[in-house]
Amino acid sequence: MNVIDHVREMAAAGLHSNVRILSSLLLTMSNNSPELFTPMQKYQLLVYHADALFHDKEYRNAACKFTMALQQKKALSKTSKVRPSMGSSAASQQAQSIPSEIEVRYKIAECYTILKLDKDAISILDGIPSRQRTPKINMMLGNLYKKAGQERSAVTSYKEVLRQCPLALDAAIGLLSLSVKGAEVASMTMDVMQSIPNLDWLSVWIKAHAFIHSGDNMRAINTICSLEKKSLLRDNVDLLISLADLYFRAGDNKNAILKFEQAQMLDPYVIKGMDVYGYLLARECHLDDVEVLGGRLFNISDQHAEPWVISGCHSFYSKRYSRALYLGAKAIQLNSNSVQALLLKGAALRNMGRVQEAIIHFREAMRLAPSRLDCYEGLIDCYLASNSIREAMGMANNVYKNLGANAQTLTILATVCLEDPMTQEKAKTLLDKALAQRPDYIKAVVKKAELLNREQKYDEGITLLRNALANQSDCVLHRMLGDFLVAVSDYQEAMDQYSIALSLDPNDQKSLEGMQKMEKEESPTEATAEEDVDDMEGSGEEGDLEGSDSEAAQWADQVQWFGMQ
Amino acid sequence: MTVLQEPVQAAVWHALNHYAYRDAVFLAERLYAEVHSEEALFLLATCYYRSGKAYKAYRLLKGHSCTTPQCKYLLAKCCVDLNRLAEGEQILTGGVLNKQKSQDDIVTEFGETACFTLSLLGQIYCKTDRLAKGSECYLKGLNLNPFLWSPFESLCEIGEKPDPDQIFKLTSLQNFSSCQPNVCPSYSSLSTSHRQTDAVLMETPQDTLELNRLNLESSNSKYSALNTDSSLSYIDSSVISPDSVPLGTGSALMSKLAQNKPKSGRSLLGGPASMSPLTPSFGILPLEPSPGDGSYLQNFTNTSSVMDPPSSGAPPKKSLSRISQAGTKSVFTQSGNSRDITPIPLTQTQSMAPQTSASPQVLSPTIAAPPNAPPRRSTRLFTSASSTAKENSKKLKMKFPTKIPNRKTKTKMSKGGITPSNINDSIEILKLDSVSEGKGNFVTPQVQAFNMQKAAADGLMNLLRDMGKGYLALCSYNCKEAINILSQLPSHHYNTGWVLCQIGRAHFELAEYMQAERLFSEVRRIESYRVEGMEIYSTSLWHLQKEVALSALSKDLTDMDKNSPEAWCVAGNCFSLQREHDIAIKFFQRAIQVDPGFAYAYTLLGHEFVLTEELEKALACFRNAIRVNPRHYNAWYGLGMIYYKQEKFTLAEIYFKKALGINPQSSVLLCHVGVVQHALKKSEHALETLNKAINIDPKNPLCKFHRASILFANEKYKAALQELEELKQIVPKESLVYFLIGKVYKKLGQTHLALMNFSWAMDLDPKGANNQIKEAIDKRYLPDDEEPVPQEDSYPFDSVDAEESQESSMTDADDTQLHAAESDEVY
């Protein structure tokens, strides 16, 4: 047992730090007197050393050492051909114990991927002849090709993985995301499915993911629901997260939140998808919950983008934009593919007035998630903020064409049309269409109500809002209804609506303002009444009534106080 | 596994039925850890909920996907309890992608629980200010089950005017069956076995689908066809409706029923148990002596056995109840359910006959049952028959044996038992067992028994109609009518806490505090444990200044139930009467703490703040009361009162009118509207309003006083004087009346009379709380000062002062009747 064997054993035992020190010393020895170790031994030393570095997360260093090892191996293979006379059994034994060249290449590629040198990684892996590629190499290649946009190569790599391991579901997802037909993917897994009992859900699962990647949210939801209903797959966290995400994409925030919450209860350590959950919660003004969620996720891992995004959302919705910007940037640094982080950073930039930078972020998010509407909405908001209506219009039309005419896209387009005084009529028809599809879509209702308010068609607005409120209660809608009622001077009803709005959201400033404004409109009559009282008071109690001004101020205070309740 | 589950489940229900919640929870936890099925989940959640831990049930159910309707219902119920209304609504109505389920969808999905689901949904809607939808839900729920009272009560409270005649009637017999949980989804004696097979179908519909495909060769084609059918129709169960079930999907119907299964066990306690005290009396009321008397008794005991816990110890409750259900069911369904769907079962039984003949034992009930037996039952039998036929299928074979031990226990029990119910049961069993027993033997007594039951239900409906009318009248503040209607109830119902409380409340609203107090003290005598309504009793006592009675009541109630807002309201009122306003405020706040949904506590707190001159806080309290219950007119009145004090008369009028809109019969409110109108210089309107008020209540001194003041202000001195003279007859010891008379005489130039009246006023109010009397007398000697002030203007000043003084005199010891009749009348 020579020293190399010791090193090997230590490496196998996982004593990487020890290996690192020892191998570094041995390598220097070998450099200083080349005859101390055979080239083969030196190759091994290099590999073990590089491996130790890899475990110490010194990836660049490791990649360098691995490349040196490869170089050494090349030289070695030439010399070994010269001496085939060695005892075959010993040779084979030795060959077994030495790390294979393919493994080394894979390690190098791994280092490169971590260092985000995708091209180098691909070229290293490409160098392996396709017959010698193991599934893990194929998988990595597939991922790299996909990222680099070489779809066809990615598809072949993934297919290769699936052929060797039919239950490699990530590869299946990869294929589906590259718009390979669901049936084709399913056919590759068919054999296993039939030979193993209780795997019959697999085809449904594949179908569901096919729907997800083709953007057919509706059918994807239905498929996953049917999967979930089966007792075998009930309460699966991953399914729940996918389902929640789908609900979110389809604009059904209530269901999305419910499902996220459930997933979170089932597995408190889940990280995936939680950024969306945090974003939804923040949007629904549950800021306390967001804070708690963020803190909890930081405890689980701060190496993921999600906790950063969540606390970013918290900062953003409590109007601390620069902090949100920093947190978003940190999240992007951890995971450059995080759509939610990009959106957060974009929105923060936009609200800080740096529209051009924001546009870049939204565009990137759009590229990563072409089916998510909020990317487009953010971008359009940016355009509107910089007064470039034409670009906004172009983008809205684009969305409308690409994602089909559903209530959400129609509303986006209508929002843009509303900005331009020339296209008011068009906006109106668009909103009507959207409302015909989904009469309860709050955004469309709000926009329509704004339009009607502008046109001073108060009665129509009141009926619209009342209809919408028949099925749901929403603070904004109640407030708008209050505004309309003030406009038709039905003060009593308006007061009711404002107080309902305030009971739904005690911090709604606009309702408070509306209430106060109404008070002021009331006050002229009061003021005269009070003057009369003052006049006739004369000899009576002067101290009690000062005048209408202080009275009004006092009233304002009261309303404020009531709002705090 | 299901086999193992049975005894544990039975033990859990047994423990639950005997209020041994800790045992039940422990066992259910064990069961759930063992099997992890949705059924066990539901059982565990039920245990948590019944032991009063709604949050436990909520978290448990929320963490797991609920697919069965009863789980969803329970989860939604917990959500409502925990005030997570949006979530509850989402659970009940939320479909995929914002599409809300319609009520019909809910009815089909929840089946037999739909009536409860709908009323829960109605509750959610009402709490989120969607009254129209809420009332729709309530009505639908009532339509499904007219035995529900609370939705009707809620309907009245939100200001709807439901017609009790329309609601409390057995519109169709189908209705009748759907509200008796033990009728439709109950199981024939064989049901255990089907249920289990179906439970399997239900749990893994798609598995069976796959299985079918794979086992196509091994099993016969008919089976697979049937099974596919059932599982498919399970997937979109909305398609299924009992009436339109085609022949082949009998099993589908069955699987749907199976979904509701544990409910029936539960509703044993929920549904009929709540009715149980009533049932006998209605059974007796319309009873006519008939040859089938014995069978009536049998039947009667039978129903009661449903509610009684098993007296003979060991036998698990569940199976016992199942037997008795079978008994009742046959009674109900016989001529009940079947009317419109009779042909179906006939064809079914016929067509299935060849298949079922393989197992005569199973078939027997089909024959024993009358030819027009309800379709549900025959379909169930049909499924069982087919399931025995498919014995060759592995999965089903596993379940099949459970049937036999079950039957055994039952027979054993029925024979071992000594109670009449058991005898009856054994008869039922006999009937089911023996193929040869003719149906003729049973039809007649059954029909009679059914008629009995129907008559009993009709009797109950009659009573509910009357009570409903009374309550409706009370809620629309037709208090006199309410008193009339409720007083006509049969004496054994009249002398119950609920009825007396309602009548007491009616008197209270009419400001007849003496009568109210008498009724409430009667309630205290009959049901000393009654807490509901006691807050009104306490306010009556407050008005009557009965400090001793009030503090006794407060002590008793707070000792009894520290978690009820009523008790704390009573305590608050008690201290308010003793002028310990700070302590009163604390107690009212505690009442709100105990139940944030108790509107009256907010109102009382608001009034207390008014008394301590913290008007902003009072405003917030009244607003909160309105938020909790928009029809709480006292709070609207409170708001108006405050604005009136702040001299924002327009707003005050708005709020008074709002209150008046809710309670249009209130003379006090009318009177206040009149005063405000006068303050707004609409004297004509004001007089009209006051006249209306006096029409409603001719003896109301406050109205008369204000009318006199307005007449005085409008320089109609003669009329004013006449009014005041009348008023003097009603309240002879009121200083303000004399004061006003004095002023009138002063205006008329009769100084002597004026001075006399002023001095009387002084005598009656020697503390000089109303020091304007003195001023007025003083002014008498300085006539020149008065002259420049225009005469009409002098009124508002006086009126305001009068109000003020009355307000302040509230805090004084010698509150007189006029004071009591003043603002706090609407307290």
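What follows is calculated from the coordinates using simple rules that are stated; it is not laboratory data. These figures come from a predicted structure and were not determined experimentally. Here the Cβ positions follow ideal geometry from the backbone for every residue, glycine too, while neighbour counts run over all protein chains shown.
Some observations on this one:
- Helix-derived mean residue ellipticity, 222 nm - over chain A, DSSP H n ≥ 4, -39500 (n - 2.57), to 500: -25500 deg cm²/dmol
- Normalised contact order of the range A:146-202, rounded percent, pairs of Cα under 8 Å and 6 or more residues apart: 28 percent
- Distribution of pairwise C-alpha distances over chain A, 10 Å bins, in %: 3, 12, 18, 21, 16, 11, 8, 5, 3, 2, 1, 0, 0, 0
- Prolate/oblate/rounded call for the range A:165-212, Cα gyration tensor, a/c under 1.5 rounded: prolate
- For the range B:706-751: rounded, prolate or oblate by the Cα gyration tensor [a/c cutoff 1.5]: oblate
- Toward the positive end of the charge dipole of the range B:502-548, with +1 on the Cβ of Lys and Arg and -1 on the Cβ of Asp and Glu, the farthest Cα among B:SER540, B:LEU510, B:ILE526 is that of B:ILE526.
- Between helix A:3-13 and chain A there is an angle of about 30 degrees, using the helix long axis and the longest principal axis of the Cα atoms.
- Percent RCO, i.e. relative contact order, over the range A:285-363, from Cα pairs under 8 Å lying at least 6 residues apart: 24 percent
- Charge-dipole axis of the range B:9-66 as Lys and Arg at +1 and Asp and Glu at -1 on Cβ define it, positive-most pick from B:ALA15, B:TYR49, B:VAL25: B:TYR49
- Here each label is just a point 7 Å from Cα along the line to Cβ, and for B:HIS492 and A:ARG163 those points are 8.7 nm apart.
- Calculated FRET efficiency, A:ILE360 to A:ARG283, Cβ-Cβ distance, R0 = 22 Å: about 0.40 to the nearest 0.05.
- With Rh defined as the Kirkwood radius, the inverse of the mean 1/r over Cα pairs, the Rg/Rh of the range B:551-634 is 0.96.
- Alpha-carbon centroid distance for the pair the range B:104-172 / the range B:552-606, whole angstrom: 32 Å
- Cα centroid separation, the range A:146-212 to the range A:277-309 (Å): 32 Å
- Cα principal axis extents for the range A:260-417, largest first, Å: 46, 31, 27
- 26 Å Cα-Cα threshold exceeded, pairs from B:LYS555/B:LYS617; B:LYS72/B:LYS133; B:LYS469/B:LYS704; A:LYS159/A:LYS230: B:LYS555/B:LYS617; B:LYS469/B:LYS704; A:LYS159/A:LYS230
- FRET efficiency, 1/(1 + (r/R0)^6) with R0 22 Å, evaluated for A:GLU103 and A:GLN71 via beta carbons: 0.90
- In plain terms, the residue of A:VAL270, B:VAL744, A:VAL3 with the fewest other Cβ atoms within 10 Å comes first and the most crowded comes last, giving A:VAL3, A:VAL270, B:VAL744.
- Summing Cβ point charges (Lys, Arg +1; Asp, Glu -1) relative to the Cα centre of chain A gives a dipole of roughly 6460 debye.
- 3J(HN,Hα) from dihedral phi, the range B:635-652, Karplus parametrisation 6.51/-1.76/1.60, rounded to Hz, x for glycine, proline: 6, 4, 4, x, 4, x, 4, 5, 5, 5, 4, 7, 6, 8, 5, 4, 4, 4
- Once the Cα atoms are used to define both axes, helix A:16-32 deviates from the longest principal axis of chain A by about 50 degrees.
- Prolate/oblate/rounded label for the range A:1-70 (Cα gyration tensor, a/c 1.5): oblate
- As a length-normalised measure over Cα pairs under 8 Å and 6 or more apart, the relative contact order of the range B:459-525 settles at 25 percent.
- Near A:GLU455, once Lys and Arg are set to +1 and Asp and Glu to -1 for all other residues with Cβ below 11 Å from its Cβ, the sum equals +1.
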